[in-house]
Amino acid sequence: APPCPGGDRRRVMSATLAPLSIAPRTSSRGLSRRSGVGAARRRRGDLGRNDAKSSPSESSLNNKEEKVRRRQEEADAVEAAWREGGGLLDGADEESVVRTVRGTVQVARHYEQLIEQQVFNLAKYGEGEVLPDTHKDPVWVAQRLCMLQKLTNVPPQYVPDMVGQSGAGVLSLTPASVLRSMLAVKDLVPNGDASHMVRVEPDLLLTDTTHLAYSGGDVMRTLREMPMPEPCVRLLVTEEPGLLLGKGGLVRMEQVRDQVEEHRENLRAICEGVPDDGWLDVRAQRWFTNFFCGYY
């Protein structure tokens, strides 16, 4: 039979085509990156090395534990110094003890850094003074602050703040000088809370008592010449003891004078029936301090 045109040709062509096998090409550098075997091993190895780097060593852990131990020993020594000096009573609450110890240590740390800077400046520039090394000893600082607390009756947790406010001179005070200053303050403000006054204004303890008597006396006379009752005068100076040192100057005194003129009737009303050596009640004190004692 005659061949169908095109049919055998298609069969012949299909018969001559050999099946193609597609095989992955291998790289000359080894396994493909997508194979995952070597890469996984490398990743696991990298993780192991990173873990080894990030994990804290035994020596670093020991150093941290040593620092914690030293800090605790330091805090215990400071607390013991306060208690031995009588500055911390046995019935003191835990918060007051913690604040007292922490504040004392912070004072010592501050002067430790300051002394290092002073030593550097002296070596480089050949000038300046260097505080004694005792100022960076927290136990010595605790002993000095304890003495100050006993003579001023300031709550112990506030005594370290007095150093932060008035400087290293507070640590150099002697018992005799503290007593003289406390008596001078009480002479200026009879029945006043001298403990509160020196806590708010520690510079009262650093000022020469003769100068304090003169400057403070002038201030008290100036205030008494204003139409302000005596209980208000003493309350103002008690809450703003820097006035006795001339802080605020004439500007502050003029502010007080203007306030007195503005609130003259109210001042007379809250002091009605109160003797000159008496104190205002709590409500009257709150009103007065809100309107007059905004300097601090």
Subject >> Extension gain, F120 back to R70 (0.36 nm per residue minus Cα-Cα distance, nm) >> reply: 15.3 nm
Subject >> Label-point separation in nm, D277 to R221, each point 7 Å along Cα→Cβ >> reply: 2.3
Original post:
Counting other Cβ atoms within 10 Å of each Cβ, which GluC sites (Glu not before Pro) in the range 248-296 have at most 10 and sit in a DSSP loop?
Top reply: E272
Subject >> Sequence-distant aspartates and glutamates (8 or more away, or on other chains) whose Cα lies within less than 14 Å of K247 >> reply: E201, D203, D218, E239
Original post:
Solvent-accessible area per residue for the range 111-169 at a 1.4 Å probe radius, Å²?
Top reply: 55
**OP:** State in Å² the accessible area per residue of the range 190-296; use a 1.4 Å probe, count heavy atoms of protein chains only, and round to the nearest integer.
**Re:** 52
Original post:
So which lysines can K136 reach, going by Cα to Cα under 27 Å and dropping same-chain residues fewer than 8 places off?
Top reply: K64, K67, K124, K150
**OP:** Enter the Cα centre distance for the pair the range 166-202 and the range 219-279, rounded to the nearest angstrom.
**Re:** 21
**OP:** Decide, for the range 66-136, between rounded, prolate and oblate: order the square roots of the alpha carbon gyration tensor eigenvalues as a ≥ b ≥ c, take rounded if a/c falls under 1.5, and otherwise choose prolate if a/b is larger than b/c, else oblate.
**Re:** prolate
**OP:** Just check the range 82-185 against the gyration tensor rule for me: Cα atoms, a ≥ b ≥ c as the square roots of the eigenvalues, rounded for a/c under 1.5, and otherwise prolate or oblate depending on whether a/b exceeds b/c.
**Re:** oblate
**OP:** Could you order peptides 219-231, 144-156 by the average number of other Cβ atoms within 10 Å of their residues, highest first?
**Re:** 144-156, 219-231
Subject >> Distance (nanometres) between label positions extended 7 Å along Cα→Cβ at S59 and Q113 >> reply: 2.8
**OP:** Treat each spin label as a single point 7 Å out from the Cα along the C-beta direction, and report the L131 to D208 distance in nm.
**Re:** 2.5
Original post:
Rounded to a whole number, what % of the accessible area of the range 182-296 do carbon and sulfur atoms account for, probe 1.4 Å?
Top reply: 49
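Multiply the residue gap between D187 and D258 by 0.36 nm, knock off their C-alpha separation, and tell me the result in nm, one decimal place. Intermediate values should be presented prior to the final figure.
Details: separation 71, 0.36 × 71 = 25.56 nm, distance 2.73 nm.
Gain on stretching D187 to D258: 22.8 nm.
The values are calculated or read from the model by the stated rules, or taken from the named source; none is laboratory data. Everything numeric here is computed off the predicted structure, so don't read it as measured data. Heads up, the Cβs are rebuilt from the backbone with ideal geometry, glycines too, and the neighbour counts pull from every protein chain shown. What goes into the accessible areas is simple: the full protein's heavy atoms, side chains included, and nothing from ligands, DNA or RNA. Shrake-Rupley method; radii C 1.70, N 1.55, O 1.52, S 1.80 Å.
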